[in-house]
Amino acid sequence: MQRVGVFVCWCGSNIAGTVDVAAVAEALKNEPGVVFSTDYQYMCSQAGQDIIKNAIAEHNLTGIVVCSCSPRMHEATFRKTAAAAGLNPYMVEIANIREQCSWVHKDMTTGTEKAIILGKAAVAKVNLNTPLTPGESPVTKRALVIGGGIAGIQTALDIADAGFPVDIVETKPTIGGKMAQLDKTFPTLDCAACILTPKMVDVAQNEKIRIFSYSEVEEVGGFVGNFDVKIKKKARYVKEDICTGCGACVDKCPMKKNPNEFNLGMDNRPAIYIPFAQAVPKVATIDPNACNMLKNGKCGLCARVCAAGAIDYTQKDEIIEEKYGAIVVATGFNPISMEKFDEFAYNQSKDVITSLEFERLTNAAGPTAGHLERPSDGKSPKTIVFVQCVGSRCDACSEKGKEYCSKICCMYTAKHAMLTRDKYPDTDVYVFYIDVRTPGKNFDEFYRRAVEEFGVKYIKGMVGKVTPEGDKLKVQASDLLSNKQLHIDADLVVLAAAIEPDKSARPLATMLTASMDTNDFFTEAHPKLRPVESPTAGVFLSGACQGPKDIPETVSQAGAAASKVIGLLAKDKLTGNPCVAHSNELMCNGCSSCERVCPYGAITYEDKEFRMPNRTTKIRRVASVNPAVCQGCGACTVACPSGAMDLKGFANSQIIAEVDAICK
Amino acid sequence: MQVKEYKPLIVAFCCNWCSYAGADLAGNNRLNYPADVKIIRVPCSCRVNPMFILRAFQRGADGVIICGCHPGDCHYTSGNYYTRRRMAALFSMLDFLGIEKERTRVEWVSAAEGAKFAATMNEFAQTVASLGENKRLEDLRCKK
């Protein structure tokens with residue numbers, strides 16, 4: 001039987017004004033387990049806390065109830081008080097008689113009556129409280145960053161800067177991501193490579209950072225502070241530590257006609273390739289689907305020209321196992337496929353391109369060395385039509401596009417239009433838009449410059465159809481402001497394709513048990529207050545995997561994610577929330593209901609041996625909860641059909657005791 | 001014989017992160033609602049076992065309301081979706097047993113919606129009061 005002490009606070013006149021505190025203290029004296037009851041003006045004050053401490057010592061209390069303000073206000077205070085007096089802090093219950101009683105009722109009688117009932121409920125609950133100790137787990141002081149774009153690069157640099165080792169896993173042969181493909185960046189128009197490539201070099205030279213390029217995360221186990229990760233390092237058939245990146249093999253390779261992924265297939269690359277000149281690591285990779293040696297065993301030219309002897313046709317995929325304390329997801333985005341958008345003739349004409357392709361066309365390192373040429377015949381276009389919101393802001397029922405705004409298209413389209421007019425002033429540039437959205441520092445000024453200084457023709461309305469006719473593209477569109485149909489003979493049509501999360505994000509989310517929204521963007525722990533943390537403890541979000549973002553936003557989010565990781569890795573031990581679920585193995589029938597509702601993947605099943613009558617044993621499948629991962633929501637307790645699952649601190653018996661006390 | 005004024009007994013389950021904070025905000029703003037409403041704090045609305053609701057009705061509660069974060073805002077990402085589904089099923093079963101649908105409710109109240117909390121409680125208490133005492137599930141053996 002507990003020995004409960006009740007402490008009723010006046011809170012000056014805040015409570016005492018509408019609640020007869022002495023009567024509450026008196027009434028609660030008769031409750032089961034209560035051995036001491038008193039009231040005081042300010043329980044949270046030093047003097048009030050001393051009353052509690054003395055009473056705990058004097059009356060040998062095993063649990064206390066404080067009738068005071070909201071537990072959101074002073075629960076922590078009173079828990080500390082209890083702990084200071086040698087009582088388990090989780091043996092404290094608060095009856096909220098201020099915010100939920102004295103402040104909302106005016107009448108002394110009803111106020112007092114309700115306060116007594118709330119006090120009784122708290123006493124009933126504390127009678128069933130058990131001392132709880134938060135679990136502790138060690139922290140592996142190493143972080144994993146999945147994705148080597150600007151988000152991953154910045155996060156890794158910031159974590160490494162704090163002195164913690166970081167590994168970057170990138171599926172492509174080089175880090176750099178989408179930003180490496182861009183030409184200029186809005187709104188400052190500095191060149192993407194000039195600000196990105198030095199960062200890539202920093203990553204390569206940082207001794208705290210390891211880069212696993214051409215690699216994928218294969219398996220994730222463990223939990224916050226202790227993730228076990230398997231990384232598959234795909235065979236690139238070149239020894240990474242020997243290759244000098246001289247490029248002799250690339251020049252000599254006879255299999256030259258393979259679509260160049262880096263230039264979005266607008267030109268070709270050999271079977272052995274380095275994605276671009278500033279690639280990090282600057283190491284050649286053999287495409288096994290294109291290499292004659294790997295396919296048919298004939299050729300071997302690259303091995304002969306390689307002075308360093310780095311070519312290894314027998315290389316196999318390698319699995320690397322490593323432990324991490326924290327994982328940052330930075331898987332980024334891709335433009336959506338234009339296959340379904342037949343009206344824009346993307347499949348029919350080479351001169352209908354996406355904005356990312358346009359980016360490559362104007363990039364000095366791109367397939368045309370930066371000269372704006374039509375992909376079909378190499379002529380310079382005289383009339384360019386930009387179409388915004390292709391696949392963005394679609395109807396919810398539309399199967400073609402996305403419901404959300406892709407956020408970056410308004411600005412990059414303004415950039416493209418402006419740069420085109422700047423370099424080729426004799427070009428007519430039209431931009432069709434639904435709305436121009438330019439929130440952001442210096443964004444609207446940038447857009448207005450495109451219109452006012454550079455004479456880009458912005459037309460509110462959507463393009464209905466693009467028809468290739470001869471060497472022209474007939475663009476049919478509506479001008480909503482002057483309510484007219486427009487027919488434009490364009491040389492080039494550029495589609496601002498919506499962006500979507502990278503395809504690797506969904507399987508990764510399953511591995512990490514991190515939640516995603518309906519669009520496959522990772523969800524954050526709280527949309528406003530915890531925007532860089534995933535609801536899964538120890539998993540953090542950086543960049544466009546969480547939602548469409550431009551570069552400045554991505555970089556700031558990357559820094560924020562890094563600071564959260566550093567905060568985690570700086571700890572030697574993690575203290576959990578002790579109010580977690582636990583399963584009574586004798587009652588568990590192994591049905592998996594709890595596992596399915598757990599948003600954190602905290603529940604696993606194991607086969608355990610149980611002693612049965614007549615000295616026999618039986619192996620049964622039972623649930624077990626990892627207290628380091630469980631956040632204590634209690635979804636599993638209700639899903640459990642056998643009643644085996646319960647929540648510490650909010651046990652079934654405790655809540656029922658409260659219900660009973662209230663309904664007496 | 002003096003007739004005692006009828007006061008409904010209402011049990012409100014509030015999730016710790018949104019609705020309990022919303023109830024606190026109603027208090028901070030001194031927004032009145034009937035003292036008949038007694039709040040029980042739970043970590044998440046999905047912690048509310050149908051058993052608790054049955055128990056409340058057995059013990060003579062006249063109405064039960066569950067308050068949680070708005071869909072999509074759950075502190076535990078998906079808890080309130082479970083609540084929404086479970087309670088829809090439970091309430092229709094209770095309706096079948098004679099506990100009118102008006103006596104049970106799920107309401108989304110965010111931590112910023114003190115006014116909504118008070119208004120909801122006022123309106124719910126009034127609705128329950130107009131229905132009168134719950135006699136269908138009340139178990140007199142529970143009343144000592």
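The values are calculated or read from the model by the stated rules, or taken from the named source; none is laboratory data. The structure displayed is predicted, hence computed values, not measured ones. Positions of Cβ are backbone-derived with ideal geometry, glycine not excepted, and every protein chain shown enters the neighbour counts.
Regarding the stretch A:572-590, can at least one residue be identified that is over 19 Å from A:Gly135 (Cβ atoms), in contact (Cβ under 8 Å) with a residue 40 or more places away in the chain and in contact with a helix residue (DSSP H, G or I) (Cβ under 9 Å, 6 or more places away or on another chain)?
yes
Filter the stretch A:155-176 for residues that are among the polar types (S, T, N, Q) and within 20 Å of the chain's Cα centre (by Cα); which is nearest to A:Val329 (Cα to Cα)? Quick ask: steps written out before the conclusion?
Going residue by residue through the stretch A:155-176, those that are among the polar types (S, T, N, Q) are A:155, A:171, A:174.
Keeping just the survivors that are within 20 Å of the chain's Cα centre (by Cα) gives A:155, A:171.
On the way: A:Thr155: 10, A:Thr171: 13 Å.
For the stretch A:155-176, the residue satisfying everything is A:Thr155.
Among residues belonging to the stretch A:187-229 that are small (Gly, Ala, Ser) and assigned to a loop (DSSP other than H, G, I, E, B), point out the one that is modelled with the highest pLDDT. Quick ask: steps written out before the conclusion?
Our first condition is that a residue be small (Gly, Ala, Ser); within the stretch A:187-229, this holds for A:192-193, A:204, A:213, A:215, A:221-222, A:225.
Imposing the further condition that a residue be assigned to a loop (DSSP other than H, G, I, E, B) reduces the set to A:213, A:225.
Numbers: A:Ser213: 96, A:Gly225: 92.
If we take residues in the stretch A:187-229 being small (Gly, Ala, Ser) and assigned to a loop (DSSP other than H, G, I, E, B), then A:Ser213 is modelled with the highest pLDDT.
Can you name the condition, by its number, that A:Cys67 falls short on among (1) free of Cβ contacts under 8 Å to residues at least 12 places away in the same chain; (2) touching a Leu at 6+ places or on another chain (Cβ under 8 Å); (3) not polar (S, T, N, Q)?
Single failed check for A:Cys67: (1).
From the residues in the stretch A:139-154 that are of a type in the set (A, V, I, L, M, F, W, C), more than 12 Å from the chain's Cα centre (by Cα) and not in a strand (DSSP E or B), which one is farthest from A:Asp202 (Cα to Cα)?
A:Val139
Just to check your reading of the model, which residue among A:Ala562, A:Ala602, A:Ala623 is crowded, with 21+ Cβ neighbours inside 10 Å, more than 24 Å from the chain's Cα centre (by Cα) and either within 14 Å of chain B (Cβ to nearest Cβ) or not polar (S, T, N, Q) (or both)?
Values: A:Ala562 fails: more than 24 Å from the chain's Cα centre (by Cα); A:Ala602 fails: more than 24 Å from the chain's Cα centre (by Cα).
On inspection, the qualifying residue turns out to be A:Ala623.
Please work out which one of (1) under 26 Å from A:Glu218 (Cβ atoms); (2) exposed (fewer than 13 other Cβ atoms within 10 Å of the Cβ); (3) touching a residue at least 40 places away in the same chain (Cβ under 8 Å) is the condition A:Ser534 fails and give its number.
In the conditions (1) under 26 Å from A:Glu218 (Cβ atoms); (2) exposed (fewer than 13 other Cβ atoms within 10 Å of the Cβ); (3) touching a residue at least 40 places away in the same chain (Cβ under 8 Å), A:Ser534 misses (2) alone.
Which residues, counting only those in the stretch B:31-74, are part of a loop (DSSP other than H, G, I, E, B), out of contact with any Leu (no Cβ under 9 Å at 6 or more places or on another chain), over 18 Å from A:Ile662 (Cβ atoms) and at the interface with chain A (Cβ under 7 Å from one of its Cβ atoms)?
Result: B:Asn32, B:Cys44.
Specify which of the listed residues (B:Glu113, B:Glu100) is under 20 Å from A:Arg98 (Cα atoms), over 13 Å from the mean Cα position of the chain (by Cα) and away from chain A (no Cβ under 11 Å).
Numbers: B:Glu100 fails: under 20 Å from A:Arg98 (Cα atoms).
Only one candidate qualifies: B:Glu113.
Say we look at the stretch A:626-653 and pick out the residues that are away from chain B (no Cβ under 14 Å) and farther than 13 Å from A:Glu595 by Cα; which of these is farthest from the chain's Cα centre (by Cα)?
Here is the first cut: in the stretch A:626-653, the ones away from chain B (no Cβ under 14 Å) are A:626-628.
Those still in the list that are farther than 13 Å from A:Glu595 by Cα too: A:627-628.
Numbers: A:Pro627: 22, A:Ala628: 20 Å.
Checked the stretch A:626-653; the qualifying residue farthest from the chain's Cα centre (by Cα) is A:Pro627.
Assess whether A:Asn88 counts as being among the polar types (S, T, N, Q) and on the phi > 0 side of the Ramachandran plot. Walk me through it before giving the result.
Details: among the polar types (S, T, N, Q): yes; on the phi > 0 side of the Ramachandran plot: no.
No; evaluated as a whole, the condition is false for this residue.
Hey, can you tell me all the residues within the stretch B:9-30 that are among the hydrophobic types (A, V, I, L, M, F, W, C), more than 8 Å from chain A (Cβ to nearest Cβ) and in a loop (DSSP other than H, G, I, E, B)?
Listed by number, the residues that qualify are B:Trp17, B:Cys18.
What's the total number of residues in the stretch A:12-37 that are assigned to a helix (DSSP H, G or I), touching a residue at least 12 places away in the same chain (Cβ under 8 Å) and over 20 Å from A:His105 (Cα atoms)?
Filtering the stretch A:12-37 down to residues assigned to a helix (DSSP H, G or I) leaves A:21-28.
Among the residues that remain, those that are also touching a residue at least 12 places away in the same chain (Cβ under 8 Å) are: A:21-25, A:27-28.
Still in the list and also over 20 Å from A:His105 (Cα atoms): A:28.
The total comes to 1.
List every residue pair whose Cβ atoms sit under 6 Å apart, with the two residues 6 or more apart in sequence or on different chains, where the first one lies in the stretch A:136-156 and is over 15 Å from A:Ile231 (Cα atoms) and the second, anywhere, is hydroxyl-bearing (Ser, Thr, Tyr) and part of a helix (DSSP H, G or I).
Going by the 6 Å Cβ cut-off, the qualifying pairs are A:Ile150/A:Thr554; A:Ala151/A:Thr554.
Among the residues that make up the stretch A:80-94, is at least one of them at pLDDT 95 or above, within 12 Å of another protein chain (Cβ to nearest Cβ) and buried (at least 22 other Cβ atoms within 10 Å of the Cβ)?
Among the residues of the stretch A:80-94, at least one is at pLDDT 95 or above, within 12 Å of another protein chain (Cβ to nearest Cβ) and buried (at least 22 other Cβ atoms within 10 Å of the Cβ), which makes the answer yes.
Can you pull out the strands (runs of 3 or more DSSP E) entirely within the stretch A:471-552 that have at least 2 residues that are within 12 Å of the chain's Cα centre (by Cα)?
Correct list: A:539-541.
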